[in-house]
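The values are calculated or read from the model by the stated rules, or taken from the named source; none is laboratory data. On a predicted model such as this, the values are computed, not experimentally measured, just so you know. Cβ placement follows ideal geometry from the backbone for every residue including glycine, while neighbour counts extend to all protein chains displayed. Accessible surface is based on the protein model in full, side chains and every heavy atom, while ligands, DNA and RNA are left aside. Shrake-Rupley method; radii C 1.70, N 1.55, O 1.52, S 1.80 Å.
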Protein chains: 2
Amino acid sequence: MGFCRSWLDSANGRDCDFPLNNLPYGVFSVGDGDLRCGVAIGDRIVDATGLEAAGLLRADPDADVLDAPYWNDFMELGRNAWSRYRAALTAMLADGVDEVVQDAIIIHSVPMAEAVLHLPFRVSEFTDFYSSRHHATNVGTMFRGAENALPPNWLHIPIGYNGRASSVVVSGTPITRPHGQIKGPGDDAPRFAPSARFDIELELGAIIGQASDRPISVAEAFENIFGYVILNDWSARDVQAWEYQPLGPFQAKATATTISPWIVTAAALEPFRTSTPARAEPLLDYLNEPGPMLYDIALEVGLSPDGGTETLICQTNYNEMYFSAAQQLAHHTSSGCPMRVGDLLGSGTISGPEKHNRGSLLELSWGGKEPLTLDTGEIRCFVEDRDTLVLRGHAQGDGYRIGFGSCVGTVRPASQ
Amino acid sequence: MGFCRSWLDSANGRDCDFPLNNLPYGVFSVGDGDLRCGVAIGDRIVDATGLEAAGLLRADPDADVLDAPYWNDFMELGRNAWSRYRAALTAMLADGVDEVVQDAIIIHSVPMAEAVLHLPFRVSEFTDFYSSRHHATNVGTMFRGAENALPPNWLHIPIGYNGRASSVVVSGTPITRPHGQIKGPGDDAPRFAPSARFDIELELGAIIGQASDRPISVAEAFENIFGYVILNDWSARDVQAWEYQPLGPFQAKATATTISPWIVTAAALEPFRTSTPARAEPLLDYLNEPGPMLYDIALEVGLSPDGGTETLICQTNYNEMYFSAAQQLAHHTSSGCPMRVGDLLGSGTISGPEKHNRGSLLELSWGGKEPLTLDTGEIRCFVEDRDTLVLRGHAQGDGYRIGFGSCVGTVRPASQ
């Protein structure tokens, strides 16, 4: 599918994150106004709640599913409704549409620069996976040695653990450096202190748009995924190292997980589908992909010290994943685990083969042994107070891009 | 506090789970009727939703917090409202109250035998801990040998992991034996098959009644806990053994967690408070208990094969815990993790020092090596299809008991 031109000029630039091909879903407010559902196009946000109330564009003829500060009720409607809505909105925003329609859209939209963005959906539960082979190999090498880097189950299972939905925040939310129980290898006893190894994890988050209450196939799982966000799973590595045996990460991952504010739909990403890599071990049937279910999405991380310019510390791609979100979701349901609309599945940290492809500071600084030098001359092993971390991503089309916007967080000093 | 007599005779028996001292909160329906909030007393359920609508007993003068199929909105009101409501209800049900009040209660109540019980609260998120020292020692010995039984962090941290709220079901819900990825020690490759080591875990669940968004003390945590239920965390041990490294249990624990239908309030359990045991290692300050925060609650598990009589396979007590729910909750918030009304915290399997005190079949059969002989003559290592497991608990007062009712599940064969 080629580039689709909009009558809204700002949507037509080659570097615009939000061309007509994208139409990602978010939640916004202006001034003291209510939270409303919106769709990004160029430098504006179309007020989807307003269009629905005015009867100009309805997802459901009988219910005001967008009269809510989240897209969950819209997602409940299912794939046919998602497609119809996207097609109708695309038609209204396409170049050449009647001026009456254009005027209505202008009335029911706001400049993005004037809006505050909120969580785009109500997070039901949050699961975080561990499905980048380079990341698992790097971390395993540091924690357990090169011989035991990849756990024996890793090539067979999209390994994951349940995270904490209550800690998911939208881009821009300040992150307070957490305290935690910490015991270094040379310490006699643990202590309770601010994390000294506070880190990021560059991930893609998949949003479940349809509920299920039984094991589903990878093909069904793919159909149930509504869209994606960029996700930063803040991690206290010193807390994690002491707490994670035998039941996995817990408080090390519970401070905050930041997501980008726009849900980029699976529909918008359709032209960018790509396959997971060749299998190192054959998969069990329930995990076999019937077609390409990853996406080619370029990802990067910038780090800006307080008042300083940004250094690009990581560039990688979602196509590095060993398991797709569809495989992760199918595995998630394999026990009969019920999934709900609004469940969020983190891909796991996305690292590539080269050093600059690593999606966490733990890997970039090799556990703090190889500090990074920023463009400002400062060095970093982990995140310092007042650092701002920006995660970005986009799929590159011919003359356009499907952008995710930014996933931003600035770290505040630990509370006293 | 001594026994409180009710004008409702059925509430006054020594073995009644629901005397006036208890007044646990549940959700019920009769026939095709709506789900309503109810309070158990003797052999009846007081229709709390109906009393509120009639203006006879209101928790909030301005809002119908009980006009809902869950107690979450009531919990939101906070401790003062909880106390006032309990005091008012106690007065209405106490021996000697005016007959007009008695008549009103009879009108706004139903026989328990005619009601269907539902989940008493909307589960926000579910966390499961691992805080019984006997259980952790038993499991650790089986999985890692006697020398490494207790992980190095165990005496310092209430170890826990996030579970899956969507899988929490009310007592009586049939449980389908799950499939999962399984690889035994002698197997060349994993296979996808029904779990052959399906198990129970006898736990107490604490229900969070007040939200928090910062680290809270153990004393604050104690105040934020609304009440307790009996909890059975169904566990597929063969799935768990293969999947749990390095990120902890995932699909092994995602099929179902059954809870008893009545929330026994912290207020009702107040006379039964008891201390955690002496510390084997000093705790960090943020985990120190300012007073007794466990409860003396006798617990037991019965197993009935299809059509057979019940064998009591376990008797233990909640006072065996090494960490209380208040300590667990304080630790849960230590990273800044936000907690919400309706969060459910499982204590972890509760085992005592003797063999018959073990709260899981994994321990009772020592990993399948020492089969149990049931009273019917049948043997069991793990749960067989069509077995019914009943978990019960009560605090024993002088001439009365604070009962939890039953937490029941019957296992169905795996689906094809």
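Things worth noting here:
A quick yes/no check of all residues on (1) in contact (Cβ under 8 Å) with a residue 24 or more places away in the chain; (2) within 30 Å of B:GLU76 (Cα to Cα); (3) outside the structural domain of B:GLY405 (by TED's automatic domain parsing):
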{"position": "B:TYR130", "(1), (2), (3)": "yes, yes, no"}
{"position": "B:GLU147", "(1), (2), (3)": "no, no, no"}
{"position": "B:ASN162", "(1), (2), (3)": "yes, yes, no"}
{"position": "B:GLN181", "(1), (2), (3)": "yes, no, no"}
{"position": "B:ASP188", "(1), (2), (3)": "no, no, no"}
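- For the range B:1-57, a residue qualifies if it is more than 19 Å from B:ASP398 (Cβ to Cβ), open to solvent by 10 Å² or more (accessible area, probe 1.4 Å) and touching a Phe, Trp or Tyr at 6+ places or on another chain (Cβ under 7 Å), and exactly one does: B:ARG36.
Yes/no per residue for (1) within 26 Å of B:ARG36 (Cα to Cα); (2) not in a loop (DSSP other than H, G, I, E, B):
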{"residue": "B:VAL97", "(1), (2)": "yes, no"}
{"residue": "B:VAL101", "(1), (2)": "yes, yes"}
{"residue": "B:SER124", "(1), (2)": "yes, no"}
{"residue": "B:ASN138", "(1), (2)": "no, yes"}
{"residue": "B:MET142", "(1), (2)": "no, yes"}
{"residue": "B:GLY184", "(1), (2)": "no, no"}
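- Screening the range B:69-92 for residues that are within 22 Å of the chain's Cα centre (by Cα) and assigned to a loop (DSSP other than H, G, I, E, B) and picking the one that is surrounded by the most Cβ atoms within 10 Å (Cβ to Cβ) gives B:TRP71.
- Residue match in the range A:364-385 (condition: part of a loop (DSSP other than H, G, I, E, B), within 14 Å of chain B (Cβ to nearest Cβ) and in contact with a Phe, Trp or Tyr (Cβ under 6 Å, 6 or more places away or on another chain)): no
- Scope the range A:175-234; condition among the aliphatic types (A, V, I, L, M), closer than 30 Å to B:GLN327 by Cβ and over 18 Å from the mean Cα position of the chain (by Cα); matching residues: A:ILE182, A:ALA189, A:ALA193, A:ALA196
- Filtering the range B:244-267 to residues that are in a helix (DSSP H, G or I), crowded, with 24+ Cβ neighbours inside 10 Å and under 20 Å from the mean Cα position of the chain (by Cα) leaves B:ALA252, B:LYS253, B:ALA266.
- Residue in the range B:255-271 that is closer than 30 Å to B:PRO185 by Cα and of a type in the set (A, V, I, L, M) present: yes
- Here B:ALA219 does not qualify as closer than 21 Å to B:GLY359 by Cβ and touching a residue at least 12 places away in the same chain (Cβ under 8 Å).
- Residue, farthest from B:ASP17 (Cα to Cα), within the range B:58-68, restricted to residues that are exposed (fewer than 15 other Cβ atoms within 10 Å of the Cβ) and either polar (S, T, N, Q) or without any contact (Cβ under 8 Å) to a residue 12 or more places away in the chain (or both): B:ASP62
- The set of residues from the range B:132-144 being farther than 11 Å from B:MET321 by Cβ and open to solvent by 20 Å² or more (accessible area, probe 1.4 Å) comprises B:THR137, B:ASN138, B:THR141, B:MET142, B:PHE143, B:ARG144.
- The criterion of being open to solvent by less than 10 Å² (accessible area, probe 1.4 Å), in the same structural domain as A:SER360 (by TED's automatic domain parsing) and either more than 19 Å from A:SER347 (Cα to Cα) or touching a Lys or Arg at 6+ places or on another chain (Cβ under 7 Å) (or both) does not hold for A:ALA280.
- Here A:SER335 fits the description: of a type in the set (Ser, Thr, Tyr), assigned by TED's automatic domain parsing to the domain that holds A:LEU283, assigned to a loop (DSSP other than H, G, I, E, B) and in contact with a Pro (Cβ under 8 Å, 6 or more places away or on another chain).
- Residue that is farthest from A:PRO24 (Cα to Cα), among those in the range A:35-68 that are of a type in the set (A, V, I, L, M) and assigned to a helix (DSSP H, G or I): A:ALA53
- Residues within the range A:335-383 that are surrounded by 24 or more Cβ atoms within 10 Å (Cβ to Cβ), among the hydroxyl-bearing types (Ser, Thr, Tyr) and over 18 Å from A:LEU204 (Cα atoms), tallied: 1
- Residue match in the range B:270-289 (condition: in contact with a His (Cβ under 7 Å, 6 or more places away or on another chain), in contact (Cβ under 8 Å) with a residue 60 or more places away in the chain, part of a helix (DSSP H, G or I) and within 14 Å of another protein chain (Cβ to nearest Cβ)): yes
- Residue list for the range A:199-224, filter: within 12 Å of chain B (Cβ to nearest Cβ) and open to solvent by 50 Å² or more (accessible area, probe 1.4 Å): A:ALA211, A:ASP213, A:ARG214, A:PRO215
- Extreme residue, farthest from A:ASP199 (Cα to Cα), among residues of the range A:245-269 that are more than 7 Å from chain B (Cβ to nearest Cβ) and hydroxyl-bearing (Ser, Thr, Tyr): A:THR265
- Out of A:THR265, A:THR311, A:THR274, sole residue that is under 30 Å from A:ILE379 (Cβ atoms) and of a type in the set (Val, Ile, Thr): A:THR311
- Restricting the range B:167-198 to residues that are open to solvent by less than 20 Å² (accessible area, probe 1.4 Å) and hydroxyl-bearing (Ser, Thr, Tyr), the residue that is farthest from the other protein chains (Cβ to nearest Cβ): B:SER195
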